[in-house]
Amino acid sequence: MTTEKRRARRIAADEAHAWARNLRLNNPHAKLTLSMASLYVDGDGYCFVSIPTLSDDTELSTQTVRNRLAWLEQIGAIARLPQWIDEYGRRNGECKGKRTSDLIRLMLDVDPDVIEAAARGEFEGVSREVSPMPQTGLNPASETVSPAPALRQPYDSAEGLNSEPEPESSPKSPSRGREGDREDLQESEPADFEPAWQSWPGHQAMRRDLALAEFRLLEPDKQRLCRAAIVPFVEMLKRLKRDAVPNFHLWIRQRRFEEFPSARLPDPAPERRWIDGYELAGLQLAARIGSRPLRL
């Protein structure tokens, strides 16, 4: 038996392509885009490929490719990390230099059933909205995105498989039409969100805006429970020796935190403050009185 540390798992392009090919998304354009992107995967499951390149590979328009990538991100099949090129030609994710193509992470460790269920819209309130592209001018206000692209399109149909953008309609607000949610989403972030986000494993490669939108829809007591349930959830994953962690917004949407109803946040440390003025004078007087010898 050797004690040599096992090397980290490396993702091969054929493995990533097989994963994409086996997903049932009921969306031919999205599946084609995902399949082509998987051919550019590196050993860590990341793809650095431009939209024009994917447009050439899929024979779809660049706008259609953008729409499908945004949809794939929302169902949890991929995650996109903004990238820049600095003055020395080095790629980075720190907003240094000129904006370039996103780094695409294939979510190979996510349960395929979860991705397929999100694609079918079987989870309550599955979001179909597409966030604006970060590149200035690539997504003008007059252009909108279909909330349910090609959902009824049969796989053997040739209709709509050309390179023209698909018919689009006005996007819905992130509140999904529920009254009062629009005002709630304009308020400041809930106090428990940022600590919960920072404690979620792998949040660096996930969509913070989607998680925040789902978190805001929770009642205040549920927000606190959601934050408190992260610690026992992570401990459970460690006990079960599972490395796959779901996207935070899907975990909230599915209300998985309710599996830990007894989860509690630790009591905050008592607040410390300086004493001065009359309080300090009173403390000094009490100290002098206490230091006097006792007379019998």
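Screening the candidates GLY121, GLY93, GLY89, GLY76 for the property of being touching a helix residue (DSSP H, G or I) at 6+ places or on another chain (Cβ under 8 Å), over 17 Å from TYR40 (Cβ atoms) and outside the structural domain of ARG208 (by TED's automatic domain parsing) yields one hit, GLY76.
Quick grid of which residues meet (1) in a strand (DSSP E or B); (2) buried (at least 17 other Cβ atoms within 10 Å of the Cβ); (3) of a type in the set (S, T, N, Q):
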{"site": "ALA20", "(1), (2), (3)": "no, yes, no"}
{"site": "SER35", "(1), (2), (3)": "no, yes, yes"}
{"site": "GLY43", "(1), (2), (3)": "no, no, no"}
{"site": "SER55", "(1), (2), (3)": "no, yes, yes"}
{"site": "LEU72", "(1), (2), (3)": "no, yes, no"}
{"site": "GLY76", "(1), (2), (3)": "no, yes, no"}
{"site": "GLY89", "(1), (2), (3)": "no, no, no"}
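Does ARG239 satisfy the condition of being at pLDDT below 90 and outside any loop (DSSP other than H, G, I, E, B)? Criteria met by ARG239.
Residue-by-condition table, conditions (1) touching a Lys or Arg at 6+ places or on another chain (Cβ under 6 Å); (2) of a type in the set (Ser, Thr, Tyr); (3) part of a helix (DSSP H, G or I); (4) surrounded by 17 or more Cβ atoms within 10 Å (Cβ to Cβ):
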{"position": "SER188", "(1), (2), (3), (4)": "no, yes, no, no"}
{"position": "GLN204", "(1), (2), (3), (4)": "no, no, yes, no"}
{"position": "GLU214", "(1), (2), (3), (4)": "yes, no, yes, yes"}
{"position": "LEU218", "(1), (2), (3), (4)": "no, no, no, yes"}
{"position": "ARG224", "(1), (2), (3), (4)": "no, no, yes, yes"}
{"position": "ALA229", "(1), (2), (3), (4)": "no, no, yes, yes"}
{"position": "PRO232", "(1), (2), (3), (4)": "no, no, yes, no"}
{"position": "ALA244", "(1), (2), (3), (4)": "no, no, no, no"}
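When the criteria are applied in full, ILE115 fails the requirement of being out of contact with any Gly (no Cβ under 9 Å at 6 or more places or on another chain) and closer than 30 Å to ARG242 by Cβ. The residues of the range 82-107 that are modelled with pLDDT under 90 and aliphatic (A, V, I, L, M) amount to a single one, ILE85.
State yes or no: is ARG7 modelled with pLDDT under 90 and either in the same structural domain as GLY121 (by TED's automatic domain parsing) or not hydroxyl-bearing (Ser, Thr, Tyr) (or both)? Judged against the criteria, ARG7 is a match. Across the range 22-33, the qualifying residues are those that are in contact with an Asp or Glu (Cβ under 9 Å, 6 or more places away or on another chain) and assigned to a helix (DSSP H, G or I), and the one among them that is surrounded by the most Cβ atoms within 10 Å (Cβ to Cβ) is THR33. The one condition from (1) more than 18 Å from GLU194 (Cα to Cα); (2) modelled with pLDDT of 75 or more; (3) not polar (S, T, N, Q) that ARG264 does not meet is (1).
The values are calculated or read from the model by the stated rules, or taken from the named source; none is laboratory data. Everything numeric in this text was worked out from a predicted model, so none of it was measured. Cβ atoms come from the backbone with ideal geometry, glycine included; neighbour counts cover every protein chain shown.
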